[in-house]
């Protein structure tokens, strides 16, 4: 029996409550939430993968078209009959303004027009493996207040090799501990799955548009609300890399500022003093970006580089006091690490064990 059609194709967006349409009709188990902008060339592969999901519960596909200028909407409509024959209801809406309003806006709209008890986020240029909804749904039942991710296969193969390796090999503990050091969420946004109730508690995605890392802001807000993060340790998504991806509009300095602000809010505000591991460029940059109150908490820079140790002090132009550059005899207990890579981690761990 085919599900009832949900026709929301008009360009004048109907207002829907933030929690979705539960009051209008019975909720389904999982809504696949898909914002869309000029994705026509990828949609057939994407939607075929939705069709082939082995999840036995009820599903819907909720698509919001953010002013596409290609035939993306037509392509999705072409899949409606096949999806609904499979028992997957389809709701599509969008707008035809001169400019797109951004990923955050489109995600919020796709969520608000959906009615699933759980949300599976899907980028229109990616491809989910058949087990994705089923396995992440099962994980979310165990972790209802968490963002659930998964491992990925990068396409084209070999693109962003280091980043992909990090996504797939970071440990479950590091999903938490690296929240303050990673360049984005420790489970990447295209793999997210969560309960609707948790999404509502966290709130809306930022709608600032191009250049705003709405995923990282939502991720931080989830932690502020006491949420967790977990990953299904199986590859469930083909994660496509291309130059048109929205992530390319986000500047590195924007991410840096958000990371430092979150570190100060959640960690440094609880400490009376600390040492910065790295007397080089990155460590000094961190010091300069700290609030005056947190700058005063820095007791020393710690490094193994003899040249940096010999300098003895780092003088920040706007500071009234100098921070010492210490060798491994420094007896500081709390350390902020500003170097990355295996050698830096080994050096830091060796330092901690000796002190």
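Miscellaneous remarks
- Within the range 251-271, not a single residue is at positive phi and either crowded, with 20+ Cβ neighbours inside 10 Å or in contact (Cβ under 8 Å) with a residue 12 or more places away in the chain (or both).
- Hey, residue 132 surrounded by fewer than 24 Cβ atoms within 10 Å (Cβ to Cβ) and on the phi < 0 side of the Ramachandran plot or not: no
- Applying a threshold of 6 Å to beta carbon distances and a minimum spacing of six or more residues, or different chains, the list of pairs starting in the range 178-198 at a residue that is within 16 Å of residue 29 (Cα to Cα) and ending at one that is surrounded by fewer than 20 Cβ atoms within 10 Å (Cβ to Cβ) and modelled with pLDDT under 95 is empty.
- The lone exception for residue 300 - which of (1) within 21 Å of residue 177 (Cβ to Cβ); (2) touching a strand residue (DSSP E or B) at 6+ places or on another chain (Cβ under 6 Å) it fails: (1)
- Candidates 202, 229, 260, 188 - the one that is outside the structural domain of residue 130 (by TED's automatic domain parsing) and touching a helix residue (DSSP H, G or I) at 6+ places or on another chain (Cβ under 8 Å): 260
- Comparison of 120, 115 shows that the only residue that is at pLDDT 95 or above and over 22 Å from residue 215 (Cβ atoms) is 115.
- Counting only residues that are crowded, with 16+ Cβ neighbours inside 10 Å and not in a loop (DSSP other than H, G, I, E, B), the range 140-152 holds 8 of them.
The values are calculated or read from the model by the stated rules, or taken from the named source; none is laboratory data. In this text, all values refer to a predicted model and were calculated from it rather than measured experimentally. So basically every Cβ, Gly included, is an ideal-geometry build from the backbone, and we count neighbours across all protein chains shown.
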